[in-house]
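Here the structure is laid out as C-alpha cells; the discussion comes afterwards.
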Amino acid sequence: MATIDEMKAQVIKGKEKKTVAAIQELLAENTAPDEILNAMTEAMDTVGERFKNGEIFVPEMLMSAKSMKGGVAQLKPYLSSGAVGALGTVIIGTVSGDLHDIGKNLVAMMIESAGFTVIDLGVDVPKEKFVEACIEHPEAKIVALSALLTVTMNEMAETVALLNQQDFRDRIKIMIGGAPITQEFCDEIGADAYSTDAASAAETARKLVGA
C-alpha cells in the first residue's frame, strides 16, 4: 500500500494519476485527510525550491501543480470544513491590455497549492473589475496583478492606484509580478509585494497573510 512519502514523490514528479491512486490507498488505510493535504503542500514547497534553484523548469512545475490540484479534488469530500483554501482568498488577473495568461495561470496554481482559494479574473482585466471583485468577495486577503508587457505596466500602476483609493484597502494586500516588473516599480506604485516567479509568489502570499 502507498505511504505518505510515496504520494509526495508522485506530486513532485508531476504524476497526477499516481498521486490520486496513492491518495485513494491512503484514505482506505484511514490516513487523516488533513495529513495528506499537508504532505502535498510540503511536496509543492520542494517543487518551488527546485524551480528557484534551476533544477526544474516551468513545464515540470506545471505538472506538479496539476498533480496537486487532482489530489486536492480527490480529498475535498473528506476534508474538514475550510481545510482547502484555509489561508484565505486571492483574486488574480492579468491587467487590461495584456492577454498573457501562462505565467498568471502558473501563479494561480502555485498559490492554490499553497492553501489559498483562488478567484481568477482572467486576462485583459479592467481596473474596475478588480475593485468589483474585492467588493463581491469581502473575504479576499490578496489581489495579485500580472503584466507581461512593458506597455501594460502603466495599466498596472493605475489599477494599484484605484485599489489604493478604496475603503477596503486596509483588508487586502496587493501583489504584482511579470517579466518587466521590479521591486523598484512595486515600491513606486504603492503595491505591497513583488515576486519574481510562481514559486516565489506562493511563498510571498503566505508571508502576506502571516502563514
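Okay, residues lined up against (1) in contact with an Asp or Glu (Cβ under 8 Å, 6 or more places away or on another chain); (2) modelled with pLDDT of 90 or more; (3) farther than 24 Å from residue 19 by Cα:
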{"position": "82", "(1), (2), (3)": "no, no, no"}
{"position": "92", "(1), (2), (3)": "yes, yes, yes"}
{"position": "97", "(1), (2), (3)": "yes, yes, yes"}
{"position": "108", "(1), (2), (3)": "yes, yes, no"}
{"position": "111", "(1), (2), (3)": "no, yes, no"}
{"position": "118", "(1), (2), (3)": "yes, yes, no"}
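I'd like the full set of residues that are out of contact with any Gly (no Cβ under 8 Å at 6 or more places or on another chain) and either in a helix (DSSP H, G or I) or touching a residue at least 60 places away in the same chain (Cβ under 8 Å) (or both), limited to region 18-30. Working first, answer last.
Of all residues in region 18-30, those out of contact with any Gly (no Cβ under 8 Å at 6 or more places or on another chain) come to 18, 21-22, 24-30.
Passing the criteria: 18, 21, 22, 24, 25, 26, 27, 28.
Would you check if residue 211 is among the aliphatic types (A, V, I, L, M) and free of Cβ contacts under 8 Å to residues at least 24 places away in the same chain? Judged against the criteria, residue 211 is not a match. Scanning region 70-80 for residues that are modelled with pLDDT under 90, under 17 Å from the mean Cα position of the chain (by Cα) and crowded, with 16+ Cβ neighbours inside 10 Å yields a total of 1. Of all residues in region 100-140, those that are of a type in the set (Val, Ile, Thr), within 17 Å of the chain's Cα centre (by Cα) and surrounded by fewer than 22 Cβ atoms within 10 Å (Cβ to Cβ) total 5.
The values are calculated or read from the model by the stated rules, or taken from the named source; none is laboratory data. Because the structure is a prediction, the values reported are computed rather than measured. Every residue, glycine among them, receives a Cβ derived from its backbone with ideal geometry; neighbour counts consider all protein chains shown.
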